[in-house]
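The values are calculated or read from the model by the stated rules, or taken from the named source; none is laboratory data. Every value quoted in this text rests on a predicted model; they were computed, and no experiment measured them. With ideal geometry, Cβ positions are generated from the backbone for all residues, glycine too; neighbour counts draw on all protein chains shown. Just so you know, the surface numbers come from the protein's heavy atoms only, side chains and all, with ligands and any DNA or RNA stripped out. Shrake-Rupley method; radii C 1.70, N 1.55, O 1.52, S 1.80 Å.
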Amino acid sequence: MPAIVDTGPLVAFFDRAERHHRWVAERIEELEAPLLVCEPVLTEALYLLARHGRAQNSLFDFVQNGALLIAFRIDENVNAVRKLLDKYRDVPMSLADACVVRMAEIHERHAVLTLDADFSIYRKHGRAPLVLIQPGAS
């Protein structure tokens with residue numbers, strides 16, 4: 001299955017001390033490469049991995065070797081991202097989350113690999129639930 005990856009799974013994958021490390025590693029093995037990502041997700045993940053220099057370098061290696069593909073341009077999706085941020089202001093929705101939802105609208109075949117329960121609230125095209133890969137989901 002092709003997938004878009006959110007911040008949480010990236011952090012858990014590269015930080016073995018994270019609670020969901022094993023679960024994420026198993027899911028990544030099962031998914032079709034490359035995993036799609038956006039720059040706001042990379043920014044969040046790199047920040048959260050700041051105390052783990054090797055993990056940050058490994059994340060960059062995944063981008064460089066094609067395991068992660070940056071597949072989103074905010075400048076081409078400003079209006080759609082703005083609408084999502086406005087719609088989910090009460091959740092609240094981060095820029096990274098808005099970009100992931102917009103990517104799911106663009107890449108219809110892709111599920112979203114996430115640890116964030118807010119993705120069960122978000123909708124593609126305003127009405128369709130996202131296909132999620134997350135702990136506890138069947």
Within segment 1-28, tally of residues that are over 17 Å from residue 61 (Cβ atoms) and either of a type in the set (Asp, Glu) or loosely packed, with under 13 Cβ neighbours inside 10 Å (or both): 7
Subset of segment 33-55 that is over 21 Å from residue 72 (Cα atoms) and not aliphatic (A, V, I, L, M) - its residue that is surrounded by the most Cβ atoms within 10 Å (Cβ to Cβ): 52
Among (1) free of Cβ contacts under 8 Å to residues at least 40 places away in the same chain; (2) open to solvent by less than 40 Å² (accessible area, probe 1.4 Å) - the single one residue 65 does not satisfy: (2)
Close pairs (8 angstrom Cβ cut-off, 6 or more residues apart or separate chains): of a type in the set (A, V, I, L, M) in segment 25-40, assigned to a helix (DSSP H, G or I) anywhere: 25/13; 28/9; 28/13; 35/28; 36/103; 37/10; 37/63
Tally of residues being of a type in the set (S, T, N, Q) and either exposed (fewer than 11 other Cβ atoms within 10 Å of the Cβ) or touching a residue at least 60 places away in the same chain (Cβ under 8 Å) (or both) across segment 68-83: 1
